[in-house]
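Visitor: Pasting a structure below so you can have a look.
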Amino acid sequence: MPLIPWRKKTVSDQPKELTPVESFRAALSRWFDEMERELVGEGFWPGGMSSFMPPVDVSEDEKHVVVRAEVPGLSAEDLELSVTGNQLAITGEKRESRESRTGGLYQRECRYGRFTRLVDLPTSVDPEKVEAELANGVLTVRLTKASQAAGRRIPIKVR
């Protein structure tokens, strides 16, 4: 979609030949529109209409990093978690339920498929101290920050 300001057309506005810059802008806009359709898909989900990618929120306090992921329709058996370095991997599969209807209109917009969501964590965590809970379609992962040596202020000598 071109990013050109809208203005009211008048009778004197006749189609004109595009300048080279305007022609380039239009071609570039078409190219980005095509790339978006191919890479993102019509449903604006990574991988297109058939994929599912859970949205996540990441927050932290003094002792913990908390990751919340929306995974509606999934059970704990459908999910797998792993921590490597400063990254949490949430892997799962949202399975399609078969449904058939006869007559009338029918539209299906639910996304299904296998996914892996990698979440970069803001700090190092202890992989042995991770708790996960699934309630009402929200996965909450509570990761304890890794213990680090207490910092100290270093005085600077003036000569």
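The values are calculated or read from the model by the stated rules, or taken from the named source; none is laboratory data. Bear in mind that the values here come from a model prediction, so they are computed numbers and not experimental data. Counting neighbours? That spans all protein chains shown, and the Cβs are built from the backbone with ideal geometry, glycine included. Just the protein is used for accessible areas: all its heavy atoms, side chains included, with ligands, DNA and RNA removed. Shrake-Rupley method; radii C 1.70, N 1.55, O 1.52, S 1.80 Å.
Visitor: Could you give me the residue pairs with C-beta distances under 8 Å whose first residue belongs to segment 112-136 and is of a type in the set (D, E, K, R), whose second residue is open to solvent by 40 Å² or more (accessible area, probe 1.4 Å) and part of a loop (DSSP other than H, G, I, E, B) wherever it lies, and which are 6+ apart or on separate chains?
Guide: That search, which allows pairs on different chains as well, returns R117/M53; D120/N86; D126/S147.
Visitor: Moving on. Pick out the one residue from T10, T19 that is open to solvent by less than 80 Å² (accessible area, probe 1.4 Å), farther than 30 Å from L121 by Cβ and modelled with pLDDT under 80. Before the answer, list the steps.
Guide: Numbers: T19 fails: modelled with pLDDT under 80.
Matching residue, one of T10, T19: T10.
Visitor: Does segment 43-57 include one or more residues that are modelled with pLDDT under 90, surrounded by fewer than 13 Cβ atoms within 10 Å (Cβ to Cβ) and of a type in the set (A, V, I, L, M)?
Guide: No.
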